[in-house]
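Student: Would you mind keeping the following structure in view while I ask a few things?
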Amino acid sequence: MWSLSLLSTALLLTSPLTLAQQTFKIHHRFLPHPSPDSPPTFQQLGNLVIQDTLYSLEDHSNGSSGGGQVDDGNGWYQVGVQLGEHDVQEEWLIGSTRSCYLSSSPPKIQIHLTSTSTPSSISILPSSSSHTCSSNSTTSVKLPSRLSDLKVDFPQNTQKTFGPSLAPPPTVDPSTGAPAPPEVEKTFFQKYWMYIVGIALFFAVQMGPDEPKGAAGAK
């Protein structure tokens with residue numbers, strides 16, 4: 001009974017960690033070139049919902065046009081990820097690309113995550129590798145109406161490798177700069193001769209001739 005109670009408590013404590021999810025708001029806009037004094041405001045494109053190693057997308061515009069913003073193809077298309085609920089625009093994670101890449105189809109947006117499932121960078125690529133932008137594009141482009149092509153890059157588990165331990169460098173002779181020859185190991189007698197001589201003297205004194213018995217009576 002006690003073990004069942006402990007198991008239930010452990011499940012209750014770990015379940016919020018397993019089921020916890022994070023939601024990040026995704027915004028976008030056009031930034032004309034040259035940049036005006038008052039740039040257009042960001043429009044919310046949708047939400048990115050991350051749970052463990054899974055993610056889902058929630059469209060915000062419901063298929064309507066992206067706030068009516070258009071660009072002549074010479075400006076920039078920007079995507080911003082709001083990391084915190086109350087973060088201001090200066091704290092967002094923002095990626096940019098040329099707006100002319102949106103002339104044929106919405107671009108590919110890839111959000112890279114850290115080990116804590118927090119967005120760290122944004123990659124925005126053309127939908128086709130063959131699509132190029134001319135230097136003087138006059139094609140009118142509109143903001144994408146939905147999160148049609150967004151991918152999330154989860155970090156891969158990497159194992160740290162350690163190199164073999166290196167031996168200490170050899171001793172160098174300061175006068176020549178060449179490696180010093182190794183010291184010759186001393187013999188047993190060279191290491192402990194003082195102790196051997198002391199023990200020998202001690203036994204020599206103890207084994208000396210005894211004092212004559214008649215010498216004490218003559219006094």
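Student: Got a number for residues in the stretch 105-127 being loosely packed, with under 15 Cβ neighbours inside 10 Å and within 22 Å of the chain's Cα centre (by Cα)?
Tutor: Here the count works out to 5.
Student: Among the residues of the stretch 137-154 satisfying the criterion of being in a loop (DSSP other than H, G, I, E, B) and at pLDDT 85 or above, which is farthest from residue 25 (Cα to Cα)? Steps first, please.
Tutor: Step one: list which residues in the stretch 137-154 are in a loop (DSSP other than H, G, I, E, B), which gives 137-140, 143-149, 154.
If we keep only those that are at pLDDT 85 or above as well, we get 140, 143-144, 154.
Details: 140: 27, 143: 17, 144: 16, 154: 18 Å.
For the stretch 137-154, the residue satisfying everything is 140.
Student: Do you know which residues across the stretch 28-51 are surrounded by fewer than 17 Cβ atoms within 10 Å (Cβ to Cβ), at pLDDT 90 or above and within 16 Å of residue 151 (Cα to Cα)?
Tutor: 47, 49
Student: So which residues in the stretch 74-94 are surrounded by 20 or more Cβ atoms within 10 Å (Cβ to Cβ) and out of contact with any Ser or Thr (no Cβ under 6 Å at 6 or more places or on another chain), if there are any at all? Before the answer, list the steps.
Tutor: Step one: list which residues in the stretch 74-94 are surrounded by 20 or more Cβ atoms within 10 Å (Cβ to Cβ), which gives 75, 77-82, 92.
Residues satisfying the conditions are 79, 80, 81, 82, 92.
Student: Let me ask something else. Is it true that some residue in the stretch 182-198 is over 30 Å from residue 113 (Cβ atoms), at pLDDT below 75 and either touching a Pro at 6+ places or on another chain (Cβ under 8 Å) or not in a loop (DSSP other than H, G, I, E, B) (or both)?
Tutor: The answer is no; no qualifying residue exists.
Student: So, in the stretch 38-60, of the ones that are part of a loop (DSSP other than H, G, I, E, B) and out of contact with any Lys or Arg (no Cβ under 6 Å at 6 or more places or on another chain), which residue ends up nearest to residue 21 (Cα to Cα)?
Tutor: Applying the first criterion (part of a loop (DSSP other than H, G, I, E, B)) to the stretch 38-60 yields 38-42, 52-53, 60.
Imposing the further condition that a residue be out of contact with any Lys or Arg (no Cβ under 6 Å at 6 or more places or on another chain) reduces the set to 38-39, 41, 52-53, 60.
Details: 38: 36, 39: 33, 41: 28, 52: 7, 53: 10, 60: 19 Å.
Result: 52.
Student: Take the residues of the stretch 77-104 that are within 19 Å of residue 51 (Cα to Cα) and among the hydrophobic types (A, V, I, L, M, F, W, C): which is nearest to the chain's Cα centre (by Cα)? Working first, answer last.
Tutor: Filtering the stretch 77-104 down to residues within 19 Å of residue 51 (Cα to Cα) leaves 81-85.
Filter once more, keeping what is among the hydrophobic types (A, V, I, L, M, F, W, C): 81, 83.
Values: 81: 20, 83: 18 Å.
Ranking the qualifying residues of the stretch 77-104, first place goes to 83.
The values are calculated or read from the model by the stated rules, or taken from the named source; none is laboratory data. Given the structure is predicted, the values throughout are model-derived calculations rather than measurements. Counting neighbours? That spans all protein chains shown, and the Cβs are built from the backbone with ideal geometry, glycine included.
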